[in-house]
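The values are calculated or read from the model by the stated rules, or taken from the named source; none is laboratory data. Please read all numbers here as calculations on a predicted model, not as lab measurements. No Cβ is skipped: glycine too gets one built from the backbone with ideal geometry, and neighbour counts run over all protein chains shown. Only protein heavy atoms, including side chains, enter the accessible area calculation; ligands, DNA and RNA are left aside. Shrake-Rupley method; radii C 1.70, N 1.55, O 1.52, S 1.80 Å.
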Amino acid sequence: MTNMELWTNLLFLFIIVNACVVREEFDMLATATDTELNKHVCHGPCHCIYRRFSIVVDCSHGQLQAIPPDLPENTTELQFSYNKLTALNSSMFNGLMKLEILNISFNEINDIEPNTFSDLGETLTSLYLTCNRVRYMERFRKALTPLLRLKSLYIQQCLKDIEDGEVFPANELKQMPHLTNLSVDLINKEGFPIYLNGLEYMDIKYFKHDPRIPDPHFRGTNRCNLPTLSRDLLANLTNVRWLRLNSCNISKAEIDCLVDFDNIISLDLSFNVNLGFTALPEIMSGLQNKDFEELVIHQIHDTFGDCTKITKNQLKYFQNVTSFRKLIMSSNRWSSFEEDSIEFIPKEFQYIDASQNLMLLGNYFKDIFSGKYFSNVKFVNISTQRIKYGIKPLFFNPTFFVQDMWQNREAMANNTNRLCPSCQTNTSHVVVPLPQKIEVLDISQLDMDIRVLNLCICEPNSLREFYMRKNKFRTIEGPLMGMKHVQLLDLSNNACANLSSEAFHFLPNLTRLYLSGNLLGYSLERDEAGITFQNLSRLEELDLSFNELRYLPFYIFKGLTGLEMLILKNNNMKTFAVNMQMMTRLNRLVLNNNNLRYIPKLQMKQIDKIIQSKSLRINLANNKFKCNCTDTEFVRWIQNNNVNLVDVETYICTYIDDTPKNITGYSLVHDLEKECASYTLLIVVASILVSAFLSILTGGIIYRYRWDLRYLYYSSKFRMKGYMPVDADEDRFRYDIFVSYSDQERHFVVADLVHELEESRSLKLCIHEREFFLGGMVTENIVYAINNSRKTLVLLSKGFIESHWCRYELNMARMEAIKTGRDVLCTVKMEEIIHDNMPLEVIDVLRNHTYIQLPEEREHMTMFWDRLYTALS
C-alpha cells in the first residue's frame, strides 16, 4: 500500500468517525429538545402530539370558548373545530410564530378583527374557517390580507343569505400566489377571476345553518347562484382538477362547458336539484377523450318529482370518456335505464352508487350483475330503494337470473361444463352471478322479507365486502357459499330470529361480522357446542349488540382465535360466563347497557391474562352491578389499574343497603370488607378446638372409668336377662370362689387348689376352664363368674401380670367390690415381683388389701391352706 493510499484511507476513516459523532450529537440534541417540549402539558381537552420538528395541538370537540393562551411556542398545527368560539383577534395567536395549519371550523365565529392573522402571514399555509357565521364584509376581507403564503383556504359559512356589503374576496385572493385549494360559498353569476387559474381544487359549497343536522331536502341558497353552467363562467378555472359546485342553483348547462378543463378528474354537482339528468349530455360533451375519472350527481333531481328513466341520449357521451371509473347518482328518484342505454357506460367503469332511488326491475339489472357491461366494476351500491315493488321481491329468487344471464357468466368464467359449478353441490342453492371483479356489494335496506336458505355467489368472484343490513331476513339457514374472499359481512338490523349454526362455515377469510339489531338470543343460547363461529379463525370484529341476548354459552366463541373486537352492548345479559382463553388478541370488549351484576372469577382471570400481552379496553357502563359481600373481589378488580375501563367514573353499583354507589369509590372495598367480615374461619377453628377438648376430656373420663363402665355394662346386661336376683342374700351366689390365674399356675390350681379347697374343705370353685359357658363371650363369662361368686381369688404371678384377661378379671373384681361394698378380693402372691413391673391396679390391690404369700417350703403349706380357707370363708 502506497503512502497516498494510506493517507486516503485514514482521511476516509476520519470523515466517517466525525460523521458518526456529529450524528450522535444531533440525535442527543433532538432528544433533549423533545424532552424539553414534553414538559409542557396541554390544558383541559387539548391533546398535544409531539414530533421531532413539530407539535400538533388538538382541542377539537372541547366546547371551548377561547383558545388557550399558553400553547407550546413550537406549535405547527392547531385543531380547534367544533368548539364555541364567537370572535377572533390577534391576541389569540400571540407566540405561535411557527403555526402552519389552523382549523377553526364549525364554531360560532361571527367577527374576525382585521389584524387577527398579522403574525401568521409568513408561516400559515392552511386556514379552515368552514361553517362559521362570518360575513364577507370588509372587516373579514382585511383579515385575510396578511396571509400571503396560503395554499389552502376554506371559508364556506353557515349562513342563509347575502347581506349588503358582502363581496367575494377577489383582491385578497389575488395576493395569494401559492393558493391551490379554495372553498367558498359566495359566488355571483359574473364568474371567477382570472387570477384563480392556478387552483387545482375548487369547492363551492353551502352548509345549512346547523351543520350537525343534515337536511336531505335542501335546495341551496343564493350565496352560490350559478343558474347556468357555461364555458365563459368557468373560463378562469381550467387548471382545476377537482371541481365541486354544490347547492349553487344550477338548472342547466351549456354544451362543451367543460371542454377547456384538460386536467379535470373529478366533478361534483350535487344538491343542484333543478339540474336533472337532462343536462348530462352538455356536461359530458366537453370531457371527451380526457382522463376524467369521477362524476358525483347526488340529488340533482327534485325530491318530490316523477320517477326518472335514463335514456340513450343522456349517456351518449359517456362511452368516449375512457378513464371514467366512478359514478355517484344517489337520491335522484331514478327508476331504470332505457333499453340498450346501459351499453354506453365505459368498459373501464369500476364504481357505481345508485342508492336511495326508485330502482325497478329490468333487463339492465341482469346486465349489471352478470358482468355483460360491467366486467370491471368493483363497487356496487343499490341500497335503500324507496319503492315497494322493485327489485326487492325477486333479488333472491332462483328463477330471476335466467338462462341467458347464466350463459353470459359462464362464458366469462370459461366454465364449459356447468353453470356456476361451485354452487351445484346443493340443488336448493339460490345462485347469484356477479361481475367477477366486484369487491363491494351493498343491497341494504331493500325491505326484502325472505328466508335466506342456501345463498351461493357464483365463482370465481372477488367479493370482499357484502352489506345486507336493514332487510327482513328473519331466517338465515345457509350455509352461505361462494364467499371465500369475503372479509366483511353485514347482516345487522334484519330481525333475524333463526340463525343456523352452519351459516358461516364457508367464510374462511371473514374478518368483520356485523349481526347487531337482530333477535339471535334463542339461536345462540342453544349452541352449547360453539358451532356457529368455530370456523371463523380470522374474524377480528364481531358485533352482536341489540340482540336481546340473556346469556351466552360457555363455548359460543370457540375458534375465534383472531378476535380483536367483541361488541355485546344493549342486550339483557345478566352474566358473561364465556370462555375467553383463546382470545389472546382481543383489544376491545364492549358490554355496556346490559344487566350484568358482576364479571365471574374465571373471566376476570382470563381478562387479566389477555392484558399481560395486549392493551384491552372494556366498556361496562350502564349495567346493574351489585356491591354485596359476594362481589368484593369484582369491585377490587374494577379498581385495579391494569383494567382499562371506558368511562369507569360513571359505573354505579347497588350497595348492601340498596343505595347506589360509585364503584370506583376510594373506600368502597374497605367498607365492603368491614361490613362483610367473615367469622366463619374463627367459628370453625373454635368449634374444632372445643370439640377436640371435649373429645380429649371425654376420652380421659372414659379411660379413667373404663373398668367401671365395662362392669356397669355387663352388670346391667345380666340384670336385663334376669341372671341376678334383686336381693343381696348370700345364698344367691352360685360359687364360693372365682379363681383368677394365668396359664403358668394351671397345674397349681388343678393339682393343689381344687383338692385343698373344694375336695377337702367343701368350697365350690369357679374355674374358667371348667365353668365358663361354651360359645359365650369371654368378657361376659368373666363378669358373670365374679358376680356369682362370693370371693375372687387372685393368684398373682408374673404370668398373671402379663395376661390381658387376668388383669381384666382383677379390674372387674375391683369394680364388684366398689359397687356392691362386698369384700371380694383375696390375693395370693405366688412369687416375688418387682413393683416397677406391676400395673397400677395391681399395686393398688396390694396396698389396700391384705394378701397371702405362697410359702416356698412344703412344711408350711398346711398353715397356708388353713389361712387361705379362713380368708375365703
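Given the Cα-Cα distance of ASP232 and GLU673 and 0.36 nm per residue of separation, how much length would full extension add, in nm?
150.5 nm
Can you order the peptides 295-301, 618-624 by their average number of other Cβ atoms within 10 Å per residue, highest first?
The peptides rank, most packed first, as 295-301, 618-624.
Suppose the chain between ARG636 and GLU339 were pulled fully straight at 0.36 nm per residue; how much longer would it get relative to their current alpha carbon spacing?
The ARG636-GLU339 span can extend by a further 99.8 nm.
List, in the order given, every pair from LYS160/LYS205; LYS569/LYS605; LYS437/LYS484; LYS366/LYS437 whose Cα-Cα distance in the structure shown is over 19 Å.
Over 19 Å Cα-Cα: LYS569/LYS605.
Using a 1.4 Å probe over the heavy atoms of the protein chains, calculate the carbon and sulfur portion of the accessible area of the range 830-873 as a whole percent.
Carbon with sulfur: 49 percent of the solvent-accessible area.
All other residues with a Cβ under 9 Å from the Cβ of GLU540 taken together, and with Lys, Arg as +1 and Asp, Glu as -1, what is their net charge?
+1
Just by accessible area at a 1.4 angstrom probe, what is the order of ARG469, ARG858 from largest to smallest?
Highest to lowest solvent-accessible surface, that is ARG858, ARG469.
Could you sort the peptides 781-794, 652-665, 276-289 by per-residue average Cβ neighbour count (10 Å cutoff), highest mean leading?
Top to bottom by mean Cβ count within 10 Å: 781-794, 276-289, 652-665.
What number results when the radius of gyration of the range 48-192, computed over Cα atoms, is divided by 2.2 N^0.38 Å?
That ratio works out to 1.01.
Could you give each residue of the range 49-55 its phi-based ³J(HN,Hα) in whole Hz, using Karplus coefficients 6.51, -1.76, 1.60 with θ = phi - 60°, and x for Gly or Pro?
Once rounded to whole Hz, the list reads 10, 8, 10, 4, 10, 7, 9.
What relative contact order, as a whole-number percentage, does the range 244-317 give when Cα pairs under 8 Å and 6 or more residues apart are counted?
37
Per-residue counts of other Cβ atoms within 10 Å, averaged by peptide: what ranking do you get for 357-364, 512-519, highest first?
So the order, starting with the most tightly packed, is 512-519, 357-364.
From the phi angles alone, apply the Karplus equation (6.51, -1.76, 1.60; θ = phi - 60°) to the range 156-171 and give each ³J(HN,Hα) in whole Hz, x where the residue is Gly or Pro.
With the stated coefficients, the range 156-171 comes to 5, 10, 8, 10, 8, 8, 10, 9, 4, x, 6, 9, 4, x, 5, 4 Hz.
Roll a 1.4 Å probe over the protein heavy atoms and report the accessible area of GLU859 in Å², nearest 10.
130
Going out from 0 in 10 Å bins, what whole percent of all Cα-Cα distances in the range 541-679 drops into each bin?
Here the calculated profile for the range 541-679 is 12, 43, 34, 11, 1.
Where a Cα-Cα gap under 29 Å defines reach, which lysines qualify for LYS798, not counting those fewer than 8 residues away within the same chain?
Correct list for LYS798: LYS764, LYS819, LYS829.
Cα centroids of the range 52-73 and the range 114-157: how far apart, whole angstrom?
18
Given a 1.4 Å probe and every protein chain left where it sits, what share in percent of the accessible area of the range 104-157 is carbon and sulfur?
42
For the range 437-532, what size does the Cα cloud have along each of its three principal axes, sorted from largest down, in whole Å?
38, 31, 21 Å, listed from the longest principal axis down.
Please report the relative contact order for the range 742-873, taking Cα pairs under 8 Å with a sequence separation of at least 6, and give it as a percent rounded to a whole number.
It comes to 23 percent, rounded to a whole number.
Quote the relative contact order of the range 34-127 in percent (integer), defining contacts as alpha-carbon pairs under 8 Å separated by 6+ residues.
After rounding, I find 23 percent.
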